[in-house]
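Enquirer: Please find one structure pasted underneath; my questions will follow.
No lab work stands behind these numbers, since they all come straight from the coordinates. Owing to the predicted nature of the structure, the values given are computational and were not obtained by experimental measurement. Positions of Cβ are generated from backbone atoms using ideal geometry, with glycine treated the same way; all protein chains shown enter the neighbour counts.
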Amino acid sequence: MPHAPAPTTVTSIASQSDADAFYALNEEWISRLFSLEEADRAVLSDPFGHIVAAGGDVLVARAPGSGTVLGCIALLAHPDAVFELAKMAVAPAAQGRGIGRRLVAAAVERAHALGARRLFLGTNSKLAPALHLYEDAGFVRIPRDRLPVADYYARADILMELA
């Protein structure tokens with residue numbers, strides 16, 4: 001009787017190679033569908049300095065056995081225990097395997113562990129699979145005036161927070 005493959009593991013970013021994978025995975029989809037903004041470059045170039053040192057985290061999903069990074073998601077810390085779910089990406093060859101769902105669940109759990117009182121995200125209507133994933137995880141749409149930050153990505157035409 002064949003046994004199921006080992007599950008993908010999700011851990012906090014731990015090395016420069018994890019940071020490089022975080023950059024590459026996000027650059028791929030953002031550049032393909034939109035354009036990489038200066039804010040993207042800053043965060044993606046130095047996730048340890050821009051995200052982790054600021055009280056957030058980057059989670060990476062690793063392939064069983066090889067440890068290859070297949071996906072990632074960031075938790076950006078904002079004042080007043082507000083966290084933003086951002087920069088979720090899954091390698092094109094690994095999509096459709098539940099990795100995004102696992103990353104979102106792990107990020108919500110990690111946000112609670114970090115003391116989040118509010119968790120929000122911005123996405124785009126072009127990203128239907130991601131939108132469906134966020135809704136399944138309990139995120140609901142909010143108007144721009146409910147956004148807990150002032151400046152936000154131009155490409156984000158759908159704003160959500162965890163209900």
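Enquirer: Quick check: residue separation of residue 46 and residue 68 times 0.36 nm, minus the Cα distance between them. What number comes out in nm?
Expert: Net length gain for the segment: 5.9 nm.
Enquirer: Given the Cα-Cα distance of residue 32 and residue 81 and 0.36 nm per residue of separation, how much length would full extension add, in nm?
Expert: Taking 0.36 nm per residue and subtracting the Cα distance, the gain is 14.4 nm.
Enquirer: Only Cα pairs within less than 10 Å get springs; with that Gaussian network setup on the chain, which residue of 70, 36, 59 has the largest fluctuation?
Expert: 36
Enquirer: Let me ask something else. Which of rounded, prolate, oblate describes segment 123-163, given a ≥ b ≥ c as roots of the alpha-carbon gyration tensor eigenvalues and a/c under 1.5 marking rounded, otherwise prolate only if a/b is larger than b/c?
Expert: Verdict is oblate for segment 123-163.
Enquirer: Taking amide hydrogens as modeled 1.01 Å from N in the peptide plane, which residues meet the under 5 Å criterion relative to residue 139, leaving out close sequence neighbours?
Expert: 163
Enquirer: Same structure, new question: Please state the shape class of segment 21-113: rounded when a/c is under 1.5, otherwise prolate if a/b exceeds b/c and oblate if not, all from the C-alpha gyration tensor.
Expert: Oblate, since a/c reaches 1.5 and b/c is not below a/b.
Enquirer: Please list, ordered by chain and number, the residues whose modelled amide H lies under 5 Å from the amide H of residue 34; skip anything fewer than 5 residues away on the same chain.
Expert: Under 5 Å from the amide H of residue 34: no residue qualifies.
Enquirer: Okay, moving on. Mind sorting 88, 160 by how few other Cβ atoms lie within 10 Å of their own Cβ, fewest first?
Expert: Result, fewest neighbours first: 160, 88.
Enquirer: Let me ask something additional. Taking only Cα atoms of the chain, what ratio of Rg to Rh do you get with Rh as the Kirkwood inverse-distance radius?
Expert: Radius of gyration relative to Kirkwood radius: 0.95.
Enquirer: Starting from the Cα of residue 150, step 7 Å along the direction of its Cβ; do the same at residue 11; then give the gap between the two resulting points in nm.
Expert: That separation, rounded to one decimal, is 4.0 nm.
Enquirer: Separate question: When the Cα centres of segment 130-163 and segment 54-76 are compared, how far apart do they sit, in Å?
Expert: Cα centroid of segment 130-163 versus Cα centroid of segment 54-76: 21 Å apart.
Enquirer: What list of ³J(HN,Hα) values in whole Hz, one per residue of segment 118-129 in order, does the Karplus curve 6.51 cos²θ - 1.76 cosθ + 1.60 (θ = phi - 60°) give from phi, with Gly and Pro shown as x?
Expert: In residue order, the calculated couplings are 8, 10, 10, 7, x, 9, 10, 4, 5, 9, 3, x Hz.
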